[in-house]
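Peer 1: I have a structure here, written as structure tokens, and I will follow up with some questions on it.
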């Protein structure tokens, strides 16, 4: 009997649905015991979000400052797992506070040490640097990263900004104004993710995880846009500056966050299109570099 632990945090329910779908082939296998652990905060974050509380979570999200969690049940801690499926969201270009807090807990060290892990992200479109931060935390816990699946909103960058923001602040997954696409990972991509579960189960049954990522990539588990990687890196640089300013002037936190929101809007709607135009113009001269970028972020190795 193989033991598999599915760890997730979900506000809207989307990531829980992804976790359920990927885990289905494992659950259906009589030789696999699947256990789910939902990460729960002592002080839960709201959903739908209020604008002030959402942006107030920015500094701690980006700086990866952990918050208090409800304990992992003892019956989960008492089992040695053959595989862990770790599902996470991206908040402000970093792993969400709940997932980051879990990975920095003693319970995570106990559960993940010397254990194969497959990471699964559900994001708008930029998960690249967040995955690097996940890799670092997994390494600290002695985990063995063997696979990665990145499910994203397939709408264009600026369109998905509108639809995701509307979803976050209304709590309703609907076509905004009746004309925009549904926000988030498409239902088709969620339903199709069951194929990853079959591939993962094959690796589990044969204790052969070294070729797992290669096999997942054959099923389009990861798509890498060099342009979005570049935006992600620039965003991390800018967010580092902003969190430094805000953390040093805590008494002016609220006012600085209001200024940050204005900057963020300008960055998305003015700076981002300019970066895209420059990317297109320079692409023919940087093809080799972009190929290396794509190859790296499709893999599970650390830089």
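The values are calculated or read from the model by the stated rules, or taken from the named source; none is laboratory data. Since this is a predicted model, take the numbers as computed values, not measurements. Positions of Cβ are generated from backbone atoms using ideal geometry, with glycine treated the same way; all protein chains shown enter the neighbour counts.
Peer 1: Applying the selection to the range 1-25, what residues are outside any helix (DSSP H, G or I) and buried (at least 18 other Cβ atoms within 10 Å of the Cβ)?
Peer 2: Of everything in the range 1-25, those that are outside any helix (DSSP H, G or I) and buried (at least 18 other Cβ atoms within 10 Å of the Cβ) turn out to be 4, 5, 6, 7, 8, 9, 10, 11, 12.
Peer 1: Consider the range 31-48. How many of its residues are more than 18 Å from the chain's Cα centre (by Cα), in contact (Cβ under 8 Å) with a residue 12 or more places away in the chain and either not assigned by TED's automatic domain parsing to the domain that holds residue 74 or not in a strand (DSSP E or B) (or both)?
Peer 2: Total satisfying the criteria: 4.
Peer 1: If a residue must be more than 16 Å from residue 27 (Cβ to Cβ) and in a helix (DSSP H, G or I), how many such residues does the range 204-219 contain?
Peer 2: Summing the residues that are more than 16 Å from residue 27 (Cβ to Cβ) and in a helix (DSSP H, G or I) in the range 204-219 gives 6.
Peer 1: Here are some conditions: (1) surrounded by 14 or more Cβ atoms within 10 Å (Cβ to Cβ); (2) more than 30 Å from residue 4 (Cα to Cα). Residue 249 meets all but one. Which one does it not meet?
Peer 2: Unmet for residue 249, out of (1) surrounded by 14 or more Cβ atoms within 10 Å (Cβ to Cβ); (2) more than 30 Å from residue 4 (Cα to Cα): (1).
Peer 1: Next question. Given (1) more than 17 Å from the chain's Cα centre (by Cα); (2) touching a residue at least 60 places away in the same chain (Cβ under 8 Å); (3) on the phi > 0 side of the Ramachandran plot, where does residue 93 come up short, assuming only one miss?
Peer 2: (1)
Peer 1: Kindly provide the set of residues from the range 49-78 that are surrounded by 13 or more Cβ atoms within 10 Å (Cβ to Cβ) and either in contact with a strand residue (DSSP E or B) (Cβ under 7 Å, 6 or more places away or on another chain) or not in a helix (DSSP H, G or I) (or both), ordered by number.
Peer 2: Matches in the range 49-78: 49, 57, 61, 62, 63, 64, 65, 66, 67, 69, 72, 76.
Peer 1: Can you tell me which residue in the range 170-196 is surrounded by the fewest Cβ atoms within 10 Å (Cβ to Cβ), limited to those that are touching a strand residue (DSSP E or B) at 6+ places or on another chain (Cβ under 9 Å) and closer than 16 Å to residue 24 by Cβ?
Peer 2: Per the stated criteria, the residue is 189.
Peer 1: Is it fair to say residue 228 is touching a helix residue (DSSP H, G or I) at 6+ places or on another chain (Cβ under 8 Å) and within 30 Å of residue 31 (Cβ to Cβ)?
Peer 2: In short, no.
Peer 1: Out of 268, 259, I need the residue that is within 18 Å of residue 93 (Cβ to Cβ) and surrounded by 11 or more Cβ atoms within 10 Å (Cβ to Cβ). Which one?
Peer 2: 268
Peer 1: Name the residues in the range 201-218 that are closer than 12 Å to residue 118 by Cα and either at pLDDT below 95 or in contact with a helix residue (DSSP H, G or I) (Cβ under 7 Å, 6 or more places away or on another chain) (or both), would you?
Peer 2: Listed by number, the residues that qualify are 201, 203, 209, 212, 216.
Peer 1: Go through the range 7-30 and report how many residues are more than 22 Å from residue 105 (Cα to Cα) and touching a residue at least 24 places away in the same chain (Cβ under 8 Å).
Peer 2: Count: 11.
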